[in-house]
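Reviewing the structure listed below.
Coordinate-derived values only; no laboratory data. Just so it is clear, the model here is predicted, and its values are computed rather than measured. With ideal geometry, Cβ positions are generated from the backbone for all residues, glycine too; neighbour counts draw on all protein chains shown.
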Amino acid sequence: MQPLYGAIEAGGTKFVCAAGYGPVEVPGDARAVIPTEAPGATLGAVVEFFEGITRRYGALSAIGIAAFGPVDIDTRSPTWGRILATPKPGWSDISLAAPLARFGCPVAVDTDVNAAALAEVRLGAGVGVGSLAYVTVGTGIGGGVIVADSTLKGLLHPEMGHIRVQRDRRDADFTGVCPFHGDCLEGLASGPAVQARWHVRAEDLPDLHPGREIIGGYLGQLAATIALMLSCERVVFGGGVVSGGRLLPHIRRSASHWLGGYLPIEARAGGFDRYITAPGLGDLAGTAGAFLLAMQAHVRAGDRIQC
Ligand code: ZN
């Protein structure tokens, strides 16, 4: 029998749930969008959705969760599967995985950006490369990484939004909006940071507004850092600030400037236009990634049984 997988993209404003035989094999009635409200109500609706799925289609073989962070993704940790300290009211210390135990199948939990990176490398902008970073720029800045077909995790998970960047002189007086670090990258280049300075969304900055170059310049420093530290073969930028703000050309120019010709981006990656790209899967990357996490968990469970 063909294995049936559950996928959950657990976001700060909505949970996208789906079931199917793979990321692109989802029956028409096997998808639901559930608003992120109080944890009990939201997770109750998620369980109800999958109960309906199992009644109609049979048992699930595995469930993948692509979660907003910070989330504990260390399978050896007693708090695995829980949302960690978050400013989102009511969600700190809530387990995303525990309510799904009733389905009796493996559950995989990773960050939304790690899952999106996995989807992009398998099915989207990274097909043909072995390592990829996925950065999303919106309310916050998050990044996920795939190396050797696995998502990168360790102490926690990558938190690229909070690195330091060199300040643009035109922006020297802005103190930044990160509650932890002030003028870290997220404090300078996230959606709220754009609003705080210029009182518009990045999408609404006029074409020649210096804000585009300033924000793109900071994000380009992140791309350069990723290239230097992780040696990723492709860097994908998603999220409303980048796509709506038409920032990619500024990000590429900045990354090229900061790398100073040191890495073989032209020779090995086909130039900055190919090296730094938009997502190939658009908004579907998170859910597709959750499916891939479920499929990996199913394979791993099978390996354990054979041992
Ligand atoms: Zn920060």
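I need the Kirkwood Rh of segment 125-279: take the reciprocal of the average 1/r across all distinct C-alpha pairs and report it in angstrom.
Details: mean 1/r = 0.0646 Å⁻¹.
With all distinct Cα pairs of segment 125-279 included, I get 15.5 Å.
Each residue, residue 24 and residue 102, gets one label point 7 Å from its Cα in the Cβ direction; the gap between the two is 3.5 nm. Relative to the longest principal axis of the Cα atoms of the chain, the long axis of helix 210-230 lies at roughly 60 degrees.
Against the chain, whose longest principal axis is taken from its Cα atoms, helix 112-123 shows a tilt of about 90°. Reported to the nearest whole Å, the Cα centre-to-centre distance from segment 174-216 to segment 235-307 is 22.
Could you tell me the convex hull volume per residue, in Å³, taken over the Cα atoms of segment 15-85?
On the way: hull volume 8.2 nm³, N = 71.
In segment 15-85, the Cα hull volume divided by residue count equals 115 Å³.
This model, with +1 at the C-beta of Lys and Arg and -1 at the C-beta of Asp and Glu, gives segment 151-250 a dipole about its Cα centre of some 120 debye.
Tell me the angle of helix 39-57 to the major Cα principal axis of the chain, expressed in degrees between 0 and 90 and rounded to the nearest ten. Value to nearest ten degrees: 50. Sorted from longest to shortest, the spans of the Cα atoms of segment 258-307 along the three principal axes equal 50, 29, 17 Å.
When a/c reaches 1.5 or more, the comparison of a/b and b/c decides; with that in mind, is segment 223-286 rounded, prolate or oblate per its Cα gyration tensor? Working shown, then result.
Numbers: a/c = 2.09, a/b = 1.60, b/c = 1.30.
Judged from the Cα gyration tensor, segment 223-286 comes out prolate (a/c at least 1.5, a/b above b/c).
Highest mobility in the GNM of the chain, judged by mean-square fluctuation with C-alpha springs under 10 Å and restricted to 90, 144, 22, is found for 90.
Per residue, how big is the convex hull around the C-alpha atoms of the chain? Give it to me in cubic angstrom, could you? Kindly include the intermediate steps, with their values, before the conclusion.
Values: hull volume 42.8 nm³, N = 307.
For the chain, the hull spanned by Cα atoms encloses 139 Å³ per residue.
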